[in-house]
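Worksheet: one structure, shown below.
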Amino acid sequence: MPAPQCASCHEARAALRRPRSGQALCATCFCTAFEAEVLHTVVAGRLLPPGAVVAVGASGGKDSTVLAHVLRELAPRLGISLHLVAVDEGIGGYRDAALAAVRRQAARWELPLTVVAYAELFGGWTMDAVARSTAGSGRSRSCCTFCGVLRRRALEEGARRVAATHVVTGHNADDMAETVLMNFLRGDAGRLARGGGLGSPGEGGALPRCRPLQLASQKEVVLYAHFRRLDYFSEECVYAPEAFRGHARELLKLLEAARPSAVLDLVHSAERLALAPAARPPPPGACSRCGALASRALCQACALLDGLNRGRPRLAIGKGRRGLDEEGPPGGRGSHSRPDPRLRSPSPASRDSSSPLGSDDVGVRGRL
């Protein structure tokens, strides 16, 4: 049976049916429609004002690649300038290849690129070193908790180095729905309440963040990358299979098969969620160590690094964090082999890494 005619241009043969609407479109019309929808998201949400210097979190994966390509196409209309910022987590056999893809993108699109590394920012700690440190705990999936927190802090630092005014990441609708599910399953009301909307305004001096692809499905992101013939890195992070996010992802697939609107329903549910006054988290203060925005004495990044330096990597995760204030200054087992856990160039305005997306964000397969 021949393919139907494109419902938009009525000239070319349709190359796909859009997963949500069922509309038959040719490749050109689909890409045009996809870009128009991202433009509408940015403009309607007032996410990127004219004159903004935008740091694009670039991981080399399909989401950040599509985001960078679309924003590059829209930049003249939005009046913004772009700068790619990539994070080197120090994952052998994985991140080097992904960074190579980012460098190819930057050269092809003539966009400036800055790479920041965990080892430089966090006293020599890399994700491979964190994995070795947590291996004996029987809870190796905590690697994703560490990476989600540290990656957010590293991206913020990279954005400041290039004098960016805004940070954008490539989280799509499926990513956000997974996060909502994770936070429901963990009973994390605080993150549920903070996870709505298209980003954060930049409270406490932190840079505003937004997610222009938040309403785009993962399937359409893949289709856009295919039709635009984008070069991206598609391997999954070696630590991702251990992440709790994988269980949420499988559950979401089952829900979407039974109810195709499940993904966007979850995203919009988070946007409309409001907590009763008694359940709201206390107003944030400043981290006593690095000055970042924090809901406790130590921000999440400093707390996690503190646990690593004490040889107790689980100390700052979950209930273990209650003992942080009782442990005294860093100096326990393992601290002799690591420098001070503070950032080398701490930024007082950096945001607390207790991200609205949850601490398991690296389970998004390295997408930014």
query = Would you call G199 without any contact (Cβ under 8 Å) to a residue 24 or more places away in the chain and either farther than 19 Å from S269 by Cβ or surrounded by fewer than 24 Cβ atoms within 10 Å (Cβ to Cβ) (or both)?
reply = no
message = Looking at P50 and the list (1) modelled with pLDDT of 95 or more; (2) open to solvent by 10 Å² or more (accessible area, probe 1.4 Å); (3) under 20 Å from the mean Cα position of the chain (by Cα), which single condition is not satisfied?
response = (3)
ask   = touching a Ser or Thr at 6+ places or on another chain (Cβ under 6 Å) and without any contact (Cβ under 8 Å) to a residue 60 or more places away in the chain: does that describe G90?
value = yes
note = Of (1) in a strand (DSSP E or B); (2) more than 29 Å from A303 (Cα to Cα), A68 satisfies every one except (1)
request  = Find the residue count for the range 236-266, including only residues that are closer than 18 Å to N172 by Cα, open to solvent by 70 Å² or more (accessible area, probe 1.4 Å) and part of a loop (DSSP other than H, G, I, E, B).
outcome  = 2
note = Counting only residues that are hydrophobic (A, V, I, L, M, F, W, C), assigned to a loop (DSSP other than H, G, I, E, B) and in contact (Cβ under 8 Å) with a residue 24 or more places away in the chain, the range 24-57 contains a total of 3
message = Here is a check on your reading of the model: is D128 open to solvent by less than 10 Å² (accessible area, probe 1.4 Å), in contact with a Gly (Cβ under 7 Å, 6 or more places away or on another chain) and touching a residue at least 24 places away in the same chain (Cβ under 8 Å)?
response = no
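The values are calculated or read from the model by the stated rules, or taken from the named source; none is laboratory data. The shown structure was predicted, so the numbers you read here are calculated from the model rather than taken from an experiment. Heads up, the Cβs are rebuilt from the backbone with ideal geometry, glycines too, and the neighbour counts pull from every protein chain shown. Surface accessibility is based on the protein's heavy atoms, side chains included, excluding ligands, DNA and RNA. Shrake-Rupley method; radii C 1.70, N 1.55, O 1.52, S 1.80 Å.
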